[in-house]
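Asks: Before anything else, here's the structure in question.
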Amino acid sequence: MQDQARVVVIGGGITGCSILYHLAKMGWTDVALVEKGELTSGTTFHSVGLVSQFRTSSALMRLQNYSIKLYDSLKAEMGDELGWYKVGSLRLASSENQLKNLKRQLSRARALGLNVDLISPAEARRIFPPMSDESLHGAVYIPDDGYLEPNGITTALAQRARQMGARVYTNTRVTGIELSPAGEVTKVITDQGEIKTGIVVNAAGQWAPRIGEMVGATLPMTPLMHQFILTKPIPGHELPRHTPVVRDPDNLVYIREEVRGYLVGGFEHNPKTWSVDGVAWDFTQSLLPPEWELFDELMQGAMRRVPVLEKAEIIKLVNGPEAITPDGAYLLGPVPGRRGFYVAAGMSLNGIAGGGGVGRTLAEWVVEGEPSEDVHEFNVRRFGPHFADRQFCAERAREIYKHYYFIRYPNDENEWGRGMRKSALYDRLKALGAVFGEKHGWERVNYFDPGQPGRQAGADQRPVGWNRMPYFDRMGEEHAAARERVALFDMSSFNKIDVRGPGAPALLNRLADNDIDKPVGSLTYTQFLNTRGGIEADLTIARLADDHFRVTTGTAFGASDMGWMVMHLPGAGADSRPPVQVRDVTMDYTCLGLWGPQARAVLQKVTPDDVSNEAFPYMTARHIGIVGAIQAKVGAIHESPVPAIHESPVQTLAARVSYVGELGWELYFPVAHAVKVWDALLTAGAEFGIRPAGYKALDTLRLEKGYRAWSSDMTPAETPYEAGLGFCVRLNKGDFIGREALAKAKGKPLTRKLCVVTFDGADPNLYGGEAV
């Protein structure tokens, strides 16, 4: 075994071998792969090998489209030896709602240039004659889809990497990874020797969490049982080799040809986890005992669509675990605070289909510092510390698996693993009729249903399908309250990050496109950018002291944004830049949004501090005291009132900023005072028609104003100029990440631009992601 390598890839499945191949192809040939068993001895060996580009995620479509092009090129060299069968696929609609769902996906796929067609039930039967046309409403045909024999593609990638100079070590288990005092990778320790290296890529499949533990990284993924049967050919109904793959989501199954017989698998409503606390190292080239009772639901669905399967003689039922992340998306990229440690794991049933694209993406990340495609939804930084709870992650993974085929509507909420994180106001909100949604583990109010018991929303859209949601009018009432009077929002799930230290101003100004170096008490709306000028984060920064800043970002983005800052912290040793401390303080503070034309009048009633426009301008932040409801002098709302109740004021950071486009403040104070402040504001606002409001109204308000939301309206693929945020860019403030790209783009005509679309007279139900 060599004792030194530029990069060490851990894991010899399709992901690891694809990374090795792409690294070597990009000129990095001093690279090594270590695998504890033989190649393809993990999840890859029992994969059914399905490859499709037709996905709900545009990023996944692009990765899998590249994979198909790679597999085509390899087949041109190797022929059938590769085991790539480009037979096409059918995705069936066995219900009207599924047909509408497929049409929505079809618009996006065509916008990306994919070769897809919507066909009739009769056309679908001509392509796959064994199926019944009962309850068949149509299908999508994707001629460039197919399936792979996992061993062939994995071996081919490894062989080509070797030919370019890479090395592969099988039967070599990693036992440790050594880090420097600064958290940099220095060495990989195996049971066959040690390899000095500065870069490790963890592509260890379902063992990736155990490899992550070696460097203190939490990688949330849970193995779930995935089963399929193999049948003998059915006399008179043998399948030819060129038979397209069939997917029938309403019946929960997929079907493909295997030696002229049928391979049938799918995704149960109530899947089973396995080895939640970690997979044993010696579980190599192994399967689990078959679970016939669990599989019965899938068998019934398959026979409904293909009745001749009742006559099939089953050869065996294969039960192989598949590692699923809590949101069903890959875990890709560098781990913050562990320089040189990258992850490519959590393939979540898309390992073979995405193997080529994932390999290229990780190689680009390692060699060039960032990938050429936007893959933010797969970024390993996205999961916060609460995802270290394995039972929570297991429930999330089970629900993702359940809905892999079973239709999930855009307004449906997670139903399993609820109650992980709650605001200090949860009981108060519930008593007011709150209907809670869930985001990133947080219970958040979607809307209020006054007079009804509070509850957790679940599959609320399922009963109405693609029709208008029954809470639409409630949402409209809350929206109107914020526009016309005043509304109170619990925004406690906002992520709050404290950045302190002598080096804090320099760090934030290096990351932000706006100028952060403003007086204490200033608020700055800004973005963090990548070197291409793409938007990696969208946030607000308050300067609380010369060396103390409070960064506020969205519910689901705290770990990602904090990770971005950590990855750019000053190094150790020769790096003499001033130190910086970055700390998540989200759980320390409640946050309320008080917004609307009467917001100032309400706030003034509960504080002796002057909150007039002159004393408290827009985009500033300062501490005020909040007490019980105050009786203000009639007509003198801005004069110093006298508290009706003598009590110690709650020290509150008031930030005059609004995400709804109306006058108001975000109010931050210790969670112990949450109920007191909430009650005081509601009491003080009663005469002004104050109304509690939820996130559904918040979203419509910000859309009406044209305020952006990161990850849906803008991503790392868009620059501030393209997103309509050029007003944030300060090219003359000095150097910052992305400045060079923005300087080149400034003044040039935009080839694309984020626009607001309105409808006159029409009343469509839009959910996002529709192609226009």
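The values are calculated or read from the model by the stated rules, or taken from the named source; none is laboratory data. Since we're looking at a predicted model, the values are computed, not measured. Because the Cβ atoms are built from the backbone with ideal geometry, glycine has one as well, and the counts that use them run over all protein chains shown.
Asks: Return the pair list, or none, for Cβ contacts closer than 9 Å from residues in the stretch 310-322 that are crowded, with 20+ Cβ neighbours inside 10 Å to residues that are among the acidic types (Asp, Glu) and not in a strand (DSSP E or B), at least 6 apart or on different chains.
Replies: Matching pairs, first to second residue: ASN319/GLU291.
Asks: Return only the number of the condition from (1) touching a helix residue (DSSP H, G or I) at 6+ places or on another chain (Cβ under 8 Å); (2) more than 26 Å from VAL245 (Cα to Cα) that GLY37 does not satisfy.
Replies: For GLY37, the failing item is (1).
To keep it simple, each residue is scored yes or no on (1) surrounded by fewer than 19 Cβ atoms within 10 Å (Cβ to Cβ); (2) outside any loop (DSSP other than H, G, I, E, B).
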| residue | (1), (2) |
| --- | --- |
| GLN2 | yes, no |
| LYS36 | no, no |
| PHE54 | no, no |
| LEU70 | no, yes |
| SER73 | yes, yes |
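Asks: Pull up the stretch 719-772, narrow it to residues that are within 27 Å of the chain's Cα centre (by Cα) and of a type in the set (Phe, Trp, Tyr), then point me to the one that is surrounded by the fewest Cβ atoms within 10 Å (Cβ to Cβ).
Replies: TYR767
Asks: Are any of the residues in the stretch 507-519 farther than 30 Å from GLU373 by Cβ, modelled with pLDDT of 95 or more and touching a Leu at 6+ places or on another chain (Cβ under 7 Å)?
Replies: Within the stretch 507-519 (the criterion being farther than 30 Å from GLU373 by Cβ, modelled with pLDDT of 95 or more and touching a Leu at 6+ places or on another chain (Cβ under 7 Å)), the answer is no, since none of the residues qualifies.
Asks: Residues GLY369, GLY340: which one is more than 24 Å from VAL279 (Cα to Cα), surrounded by 21 or more Cβ atoms within 10 Å (Cβ to Cβ), out of contact with any helix residue (DSSP H, G or I) (no Cβ under 7 Å at 6 or more places or on another chain) and among the small types (Gly, Ala, Ser)?
Replies: None of the other options fit; the residue is GLY340.
Asks: Do any strands (runs of 3 or more DSSP E) entirely within the stretch 239-306 hold 2 or more residues that are under 27 Å from PRO220 (Cβ atoms), and if so, which?
Replies: Where strands (runs of 3 or more DSSP E) fall fully within the stretch 239-306 and carry at least 2 residues being under 27 Å from PRO220 (Cβ atoms), they are 261-266.
Asks: Let me ask something else about it. Restricting attention to helices (runs of 4 or more DSSP H) lying wholly within the stretch 334-449, give those where 3 or more residues are in contact (Cβ under 8 Å) with a residue 40 or more places away in the chain.
Replies: So the answer is 351-368, 390-402.
Asks: So, one more: If you check ALA674, ALA655, which single one turns out to be among the hydrophobic types (A, V, I, L, M, F, W, C) and in contact with an Asp or Glu (Cβ under 6 Å, 6 or more places away or on another chain)?
Replies: So the residue among ALA674, ALA655 that is among the hydrophobic types (A, V, I, L, M, F, W, C) and in contact with an Asp or Glu (Cβ under 6 Å, 6 or more places away or on another chain) is ALA655.
Asks: Right, next: Report, by residue number, each residue of the stretch 19-34 that is hydrophobic (A, V, I, L, M, F, W, C) and surrounded by 20 or more Cβ atoms within 10 Å (Cβ to Cβ).
Replies: Within the stretch 19-34, ILE19, LEU20, LEU23, ALA24, TRP28, VAL31, ALA32, LEU33, VAL34 qualify.
Asks: When the residues of the stretch 245-297 are filtered to those that are surrounded by fewer than 19 Cβ atoms within 10 Å (Cβ to Cβ) and aliphatic (A, V, I, L, M), which remaining residue is farthest from TRP207 (Cα to Cα)?
Replies: VAL259
Asks: Filter the stretch 389-401 down to the residues that are among the basic types (Lys, Arg) and within 12 Å of ASP327 (Cα to Cα), then identify the one that is surrounded by the most Cβ atoms within 10 Å (Cβ to Cβ).
Replies: This residue is ARG396.
Asks: Starting from the stretch 281-302, keep only residues that are closer than 21 Å to HIS269 by Cβ, then list their pairs with residues that are hydrophobic (A, V, I, L, M, F, W, C) and part of a helix (DSSP H, G or I) whose Cβ atoms are within a distance under 6 Å, requiring at least 6 positions of separation or different chains.
Replies: Matching pairs, first to second residue: ALA302/LEU309.
Asks: List the residue pairs whose Cβ atoms are under 7 Å apart, where the first residue sits in the stretch 460-477 and is under 14 Å from TYR409 (Cα atoms), the second is among the basic types (Lys, Arg) and assigned to a helix (DSSP H, G or I), and the two are 6 or more positions apart or on different chains.
Replies: Sorted first by the residue in the stretch 460-477, then by its partner, the pairs are TRP466/LYS100.
Asks: Next question, about the same structure. For a quick check of your reading of the model, give me the residue pairs whose first member lies in the stretch 79-98 and is over 19 Å from GLN461 (Cα atoms), whose second is of a type in the set (Phe, Trp, Tyr) and crowded, with 19+ Cβ neighbours inside 10 Å, with beta-carbon atoms closer than 7 Å and at least 6 apart or on different chains.
Replies: What qualifies is TRP84/TYR71; TYR85/TYR147; GLY88/TYR141; LEU90/PHE128; LEU90/TYR141; ARG91/PHE54.
Asks: I'm trying to understand the selection: among the residues of the stretch 123-158, which are among the small types (Gly, Ala, Ser), touching a residue at least 40 places away in the same chain (Cβ under 8 Å) and not in a loop (DSSP other than H, G, I, E, B)?
Replies: Across the stretch 123-158, the qualifying residues are GLY138, ALA139, GLY146, GLY152, ALA156, ALA158.
Asks: Let me ask you something else. Going through ILE324, ILE315 one at a time, which residue ends up being within 25 Å of PRO249 (Cα to Cα), within 15 Å of the chain's Cα centre (by Cα) and of a type in the set (Val, Ile, Thr)?
Replies: ILE324
Asks: Here is a follow-up. Report yes if some residue within the stretch 36-47 is touching a Pro at 6+ places or on another chain (Cβ under 9 Å) and at positive phi; otherwise report no.
Replies: yes
Asks: ASN379 is checked against (1) under 15 Å from the mean Cα position of the chain (by Cα); (2) buried (at least 24 other Cβ atoms within 10 Å of the Cβ); (3) within 24 Å of VAL585 (Cβ to Cβ) and fails just one. What number does that condition carry?
Replies: Checking ASN379 against (1) under 15 Å from the mean Cα position of the chain (by Cα); (2) buried (at least 24 other Cβ atoms within 10 Å of the Cβ); (3) within 24 Å of VAL585 (Cβ to Cβ), the one that fails is (2).
Asks: Output the number of the condition that ALA203 fails; it satisfies all remaining conditions of (1) crowded, with 17+ Cβ neighbours inside 10 Å; (2) under 32 Å from the mean Cα position of the chain (by Cα); (3) more than 25 Å from PRO326 (Cβ to Cβ).
Replies: Of (1) crowded, with 17+ Cβ neighbours inside 10 Å; (2) under 32 Å from the mean Cα position of the chain (by Cα); (3) more than 25 Å from PRO326 (Cβ to Cβ), only one is false for ALA203: (3).
Asks: Within the stretch 674-681, does at least one residue satisfy the condition of being farther than 21 Å from PHE436 by Cα, modelled with pLDDT of 95 or more and not aliphatic (A, V, I, L, M)?
Replies: There is at least one residue in the stretch 674-681 that is farther than 21 Å from PHE436 by Cα, modelled with pLDDT of 95 or more and not aliphatic (A, V, I, L, M).
Asks: Applying the selection to the stretch 99-120, what residues are closer than 23 Å to GLU373 by Cβ, without any contact (Cβ under 8 Å) to a residue 60 or more places away in the chain, out of contact with any Pro (no Cβ under 8 Å at 6 or more places or on another chain) and in a loop (DSSP other than H, G, I, E, B)?
Replies: LEU112, GLY113, listed by residue number.
Asks: Here's another thing I want to ask about it. Quick one: count up the residues across the stretch 616-662 that are at pLDDT 90 or above and either closer than 20 Å to THR524 by Cα or not in a strand (DSSP E or B) (or both).
Replies: Counting residues in the stretch 616-662 that are at pLDDT 90 or above and either closer than 20 Å to THR524 by Cα or not in a strand (DSSP E or B) (or both) gives 22.
Asks: For the stretch 113-123, how many residues are surrounded by 14 or more Cβ atoms within 10 Å (Cβ to Cβ) and within 34 Å of the chain's Cα centre (by Cα)?
Replies: Matching residues across the stretch 113-123 total 5.
Residue-wise test of (1) closer than 30 Å to ARG428 by Cβ; (2) outside any helix (DSSP H, G or I).
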{"site": "ALA686", "(1), (2)": "yes, no"}
{"site": "GLY724", "(1), (2)": "no, yes"}
{"site": "LEU742", "(1), (2)": "no, no"}
{"site": "THR758", "(1), (2)": "no, yes"}
